[in-house]
Amino acid sequence: MNGNGWARPGAFTREGFLARLRGIVHRQKYAAPGGRRANRVSFAPVGHGLRLPTLAVLCLSACEAEPVLPRRVAFCATGADLAAEVDPFIGTEGPGNVIPGAAVPHGMVKLSPDTNAGEGSVDAYEYGNDRIEGFSHTHLEGPGGGNNGYSQILLLPTTGPLEVAPAKTPSTFSHTSETAAPGYYAVSLDDYGVYAELTATAHVGVHRYTFPEDGERHVLIDAGHSRGTSVGGEVTIVDATTVQGFGSYSIHPLLDLLLSKDDKTTGRATVYFYAVFSEPFAASGTFKTVDDQTLVTPGGAHEAGAWSGAYLDFAASEVEVRVGISYVSVLRARANLEAEALAKSFDDVQREARALWNCQLNRVQVDGGAAAKRRVFYTALYHTMLQPTDVTETGGETWSGAGGVGTTLVWGDTHYYSDDWCAWDTFRTARPLGTLVEPEVSDDMIASYLQQYREGGWLPKCAWSATGNSRIMIANGEVATIADAIVKGLRGFSLRLAWEAVTKVATVEDEDSLYHGLCGYLNLGTPPEYIDNGYVSHECDLLQSASMTLEYAYDDWCTAQIADVVGEARAATYFRARSLSYRNQWNPETQFMQGRNLDGTFVTPFDPADPAGNHDFCEANSWIYSWFVPHDVPGLTALLGGVAPFTARLDEFFAAGHYDPSNEPSFHTPFLYNLVGAPWQTQARVRTILDTVFTDRPDGLPGNDDAGATSAWIVLAALGIYPVAPGDGVYQLSSPWFTRATLALHPSYAGGLAFVIEAENNSAANRYIQSATLNGKPWGRASIAHADIIKGGTLRLWMGPEPSAWGGEP
């Protein structure tokens, strides 16, 4: 997700925003309560003579009663110290937007430096910046867009005369003084002579500051700092070593402006903290920024309102602080701290964090390959395990804001996940990888999706730790994530409730969706005109319409896949037929997917290489999106005139430089050769992309990492397996990057303990598969089912320097 960024909201009003995008707010009222329904719903009756929308509404009581049997066996994969092969700085320079700070796998606390990234920046840390603003406790991994995000509850150690104004306190630093590893970060703040070290547990940030021997020493706590904006807060100095409070934020001010109403908000979050210092305060006070003026109250013990903070002075030259974080309350922040870190040393916490990372990273063990290649691989795997975020707190409590107000839940033995930012990005790679490597996370994440559906009435398009539904990005990518998990046999959630939720988003649209040029922005569900006409018109969305049709068609196929599993045969037939709607965007004259007007004519002028975002395609163009029919490649092949024209067009796509490894719509295209009988072309192209696009430098990611979506592409491609159509339970095979890879499978989800991929004679030159066996038996297909992998066993590939006929039957 490289775009959908917005200007800072203070620059214009709601009406000005709509006018800028050539749209008008026009809310149409339809018959369905809680949503907008199509004028015509032309599918056959489904089950007991009920049409799908009715069935979805009536399902709720039965869905609630369905037992859910989550499988819970602790699993730590043992092996080498793979954390040593991770470089958290990869992807911190340029568009990657990753963070180098301290966290545990899926930890709620991601304690990381915030640099002077500039007004409206979504990336908290940019390698090219020269100043650190402080160390904040909440972050997103690799997000796109602008003027939104977390970076909440910031601490900064300083020296010299007291200064608290945020514009004056950032310190210069040098990368030569920086160190980063899983669960650890350190840097020298040059302006203050302070060496700062960070580590973390799931809900606690632990800081260790080494000050100069002489001079004044301070620690600032800024509860107003964030990538969004501060809307409230409170800071209280409890005693000589303790500070508590909270910050309230609008994490996406524009969505807040557009969508918050009455007593329900969108994009609001409150983060509570409880901080305990190792040394007593020599002096203390509070501060608050009002109208760009920072007011200081020496000796003050309490400050309230937006942009509030506290300062603490110390006589000691080494100070540790443990900061418990909670979305529930200050009391829960304190409980998190006491349960996880209060009695532990900094070094103990760091060792435990590294051990947790090794448990997860050892689920994929690779052999062979240069050190740089291994760093790229294990850093990518590390990035995929930062999100989604496990927001379950001590005692099983969790906070959810999906209903527009904050709700505290007792979640029990499973884990509640958020921050899947966004489903449009992650359904293609990160979530399918998760079903293999961390299936217990996938199970609980979908259960969390469904809880958010219960609260807010919609599946989350872009789950976040805030109120409401972010609505960001087009179509219903979360349906693909659910379908992929269900087809692969995950059952830690209610199938019936999942069916209710996916059929709702397929047949109803939210009343607050924006129309007349904006229907892909901020909508939930499916636009009525797609259901009525079989495509989304250019008038509906000037910038994204054709890509919306293509994505909705794929989502329909995913819904049909779920219908097969839950026994809704008529619904499966209906949605599978509707999944062919992609044909309505195909212009046989231009031989491309093309925007279409409401009257049925195609949008002109038309250039398939039109720069991304200009006409009818989300963050891409027609050259890229014309390949997005992952569920019906034979149908797309037929539109192009057969296998030979399809292959020639794909060759042209790569030769002319249309392939874009930086963004999700291109991710699957190198693997399409497998599906038209030319797997050797997939093998060559994937290996070339791995070798030339991704590096172990700070600028080693070509685009936003998007909650690990790009990193998951690296991992899957390097293993030589890729899910072209998540939801079919199949991986396309390609040329592995390593001579051997061992997947340590979770024993609660797999029949075997490991699945091994061996590439005999693998090298830079020997990139082509000559033959293969699975568990000693010949394997002639260029694909493998998820079900075959989780049985355990060995896939052995014999590699060579020339293309072969292996796997040539599509």
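The values are calculated or read from the model by the stated rules, or taken from the named source; none is laboratory data. This structure is a prediction, so every number in the text was calculated from the model and none was measured. Positions of Cβ are backbone-derived with ideal geometry, glycine not excepted, and every protein chain shown enters the neighbour counts. For accessibility, only protein heavy atoms count, side chains too; no ligands or nucleic acids. Shrake-Rupley method; radii C 1.70, N 1.55, O 1.52, S 1.80 Å.
State yes or no: is LEU356 part of a helix (DSSP H, G or I), open to solvent by 20 Å² or more (accessible area, probe 1.4 Å) and either under 20 Å from ALA712 (Cα atoms) or at pLDDT below 95 (or both)?
Yes.
So is ASP610 surrounded by 15 or more Cβ atoms within 10 Å (Cβ to Cβ), modelled with pLDDT under 95 and over 26 Å from the mean Cα position of the chain (by Cα) or not?
yes
For region 177-230, what are the residues that are assigned to a strand (DSSP E or B), within 30 Å of ASP256 (Cα to Cα), out of contact with any helix residue (DSSP H, G or I) (no Cβ under 9 Å at 6 or more places or on another chain) and among the hydroxyl-bearing types (Ser, Thr, Tyr)?
SER230
Go through HIS175, HIS225, HIS218 for me and flag whichever is closer than 20 Å to GLY245 by Cα, open to solvent by 10 Å² or more (accessible area, probe 1.4 Å) and not charged (D, E, K, R).
Of HIS175, HIS225, HIS218, the one residue that is closer than 20 Å to GLY245 by Cα, open to solvent by 10 Å² or more (accessible area, probe 1.4 Å) and not charged (D, E, K, R) is HIS225.
Being open to solvent by less than 20 Å² (accessible area, probe 1.4 Å) and in contact with a Ser or Thr (Cβ under 6 Å, 6 or more places away or on another chain) narrows it down to one residue among ALA546, ALA563, ALA553, ALA571; which is it?
Answer to the selection: ALA553.
Could you count how many residues in region 755-797 are under 24 Å from PHE75 (Cβ atoms), touching a strand residue (DSSP E or B) at 6+ places or on another chain (Cβ under 8 Å), open to solvent by 20 Å² or more (accessible area, probe 1.4 Å) and of a type in the set (A, V, I, L, M, F, W, C)?
So the count comes out to 2.
Please enumerate the residues belonging to region 359-368 that are open to solvent by less than 10 Å² (accessible area, probe 1.4 Å) and touching an Asp or Glu at 6+ places or on another chain (Cβ under 9 Å).
LEU361, ARG363
Name the single residue, out of those in region 475-504 being β-branched (Val, Ile, Thr) and surrounded by 24 or more Cβ atoms within 10 Å (Cβ to Cβ), that is farthest from SER748 (Cα to Cα).
If we take residues in region 475-504 being β-branched (Val, Ile, Thr) and surrounded by 24 or more Cβ atoms within 10 Å (Cβ to Cβ), then THR503 is farthest from SER748 (Cα to Cα).
Could you tell me which of the residues ALA333, ALA339 is under 20 Å from HIS139 (Cβ atoms) and in a helix (DSSP H, G or I)?
Every option except ALA333 fails the conditions.
Condition check ((1) open to solvent by 10 Å² or more (accessible area, probe 1.4 Å); (2) of a type outside the set (A, V, I, L, M, F, W, C); (3) modelled with pLDDT of 95 or more) across all residues:
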{"residue": "ASP420", "(1), (2), (3)": "no, yes, no"}
{"residue": "ALA423", "(1), (2), (3)": "no, no, no"}
{"residue": "THR426", "(1), (2), (3)": "no, yes, yes"}
{"residue": "THR429", "(1), (2), (3)": "no, yes, yes"}
{"residue": "PRO432", "(1), (2), (3)": "no, yes, yes"}
{"residue": "GLU440", "(1), (2), (3)": "yes, yes, yes"}
{"residue": "MET445", "(1), (2), (3)": "no, no, yes"}
{"residue": "LEU450", "(1), (2), (3)": "no, no, yes"}
{"residue": "TYR453", "(1), (2), (3)": "yes, yes, yes"}
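Here are some residues: TRP798, TRP806. Which one is assigned to a loop (DSSP other than H, G, I, E, B) and either charged (D, E, K, R) or at pLDDT 95 or above (or both)?
The match here is TRP806.
Can you list residue pairs whose Cβ atoms sit under 6 Å apart, with the first residue in region 325-351 being over 19 Å from ARG208 (Cα atoms) and the second being open to solvent by 60 Å² or more (accessible area, probe 1.4 Å)? Count only pairs 6 or more apart in sequence or on different chains.
Every condition considered, the pairs that remain are VAL328/THR408.
Could you check how many residues of region 507-537 are aromatic (Phe, Trp, Tyr) and more than 19 Å from CYS558 (Cα to Cα)?
2
Scan the helices (runs of 4 or more DSSP H) fully inside region 509-623 and keep the ones with 1 or more residues being among the basic types (Lys, Arg) and in contact with a Gly (Cβ under 8 Å, 6 or more places away or on another chain).
Ranges flagged: 569-578.
Being under 17 Å from the mean Cα position of the chain (by Cα), outside any loop (DSSP other than H, G, I, E, B) and farther than 27 Å from LYS791 by Cβ is the filter here; which residues of region 398-448 pass it?
Residues satisfying the conditions are TYR417, SER418, ALA423, TRP424, ASP425, SER448.
State whether one or more residues within region 630-641 are buried (at least 23 other Cβ atoms within 10 Å of the Cβ), within 19 Å of GLY477 (Cβ to Cβ) and not aromatic (Phe, Trp, Tyr).
Taking every residue of region 630-641 in turn, at least one turns out to be buried (at least 23 other Cβ atoms within 10 Å of the Cβ), within 19 Å of GLY477 (Cβ to Cβ) and not aromatic (Phe, Trp, Tyr).
Can you pull out every residue in region 707-754 that is on the phi > 0 side of the Ramachandran plot and surrounded by fewer than 24 Cβ atoms within 10 Å (Cβ to Cβ)?
The one that is on the phi > 0 side of the Ramachandran plot and surrounded by fewer than 24 Cβ atoms within 10 Å (Cβ to Cβ): GLY729.
Would you confirm, using the coordinates I've provided, whether LEU295 is open to solvent by 40 Å² or more (accessible area, probe 1.4 Å) and assigned to a helix (DSSP H, G or I)?
Spelling it out, it is not the case that LEU295 is open to solvent by 40 Å² or more (accessible area, probe 1.4 Å) and assigned to a helix (DSSP H, G or I).
Please determine, by comparing only the residues of region 92-126 that are among the hydroxyl-bearing types (Ser, Thr, Tyr) and either assigned to a strand (DSSP E or B) or open to solvent by 10 Å² or more (accessible area, probe 1.4 Å) (or both), which one is farthest from THR379 (Cα to Cα).
SER121
All but one of (1) assigned to a helix (DSSP H, G or I); (2) open to solvent by 10 Å² or more (accessible area, probe 1.4 Å) hold for ILE472, so report the exception by its number.
It is condition (1) that ILE472 fails.
Scanning region 251-276 for residues that are at pLDDT 95 or above and open to solvent by less than 10 Å² (accessible area, probe 1.4 Å), which turns out farthest from SER513 (Cα to Cα)?
Among them, the one singled out is ALA275.
Are any residues in region 642-668 in a helix (DSSP H, G or I) and open to solvent by 20 Å² or more (accessible area, probe 1.4 Å), and if so, which ones?
Answer for region 642-668, where residues must be in a helix (DSSP H, G or I) and open to solvent by 20 Å² or more (accessible area, probe 1.4 Å): VAL643, ALA644, PRO645, THR647, ALA648, ARG649, ASP651, GLU652, PHE654, ALA655.
Any residue at all in region 369-378 that's in a strand (DSSP E or B), among the aliphatic types (A, V, I, L, M) and surrounded by 22 or more Cβ atoms within 10 Å (Cβ to Cβ)?
No, that holds for no residue.
Taking region 669-701 as the search range and keeping residues that are of a type outside the set (Asp, Glu) and part of a loop (DSSP other than H, G, I, E, B), which one is surrounded by the most Cβ atoms within 10 Å (Cβ to Cβ)?
Here the answer is LEU701.
Within region 522-533, track down each residue that is open to solvent by 10 Å² or more (accessible area, probe 1.4 Å) and either at pLDDT 95 or above or in contact with a Lys or Arg (Cβ under 8 Å, 6 or more places away or on another chain) (or both).
Within region 522-533, ILE531, ASP532, ASN533 qualify.
Listed residues ASN762, ASN766, ASN775, ASN704; which is over 26 Å from the mean Cα position of the chain (by Cα) and touching a residue at least 40 places away in the same chain (Cβ under 8 Å)?
ASN762
Any idea which of ASN129, ASN147 is without any contact (Cβ under 8 Å) to a residue 24 or more places away in the chain, open to solvent by 10 Å² or more (accessible area, probe 1.4 Å) and not in a strand (DSSP E or B)?
ASN129
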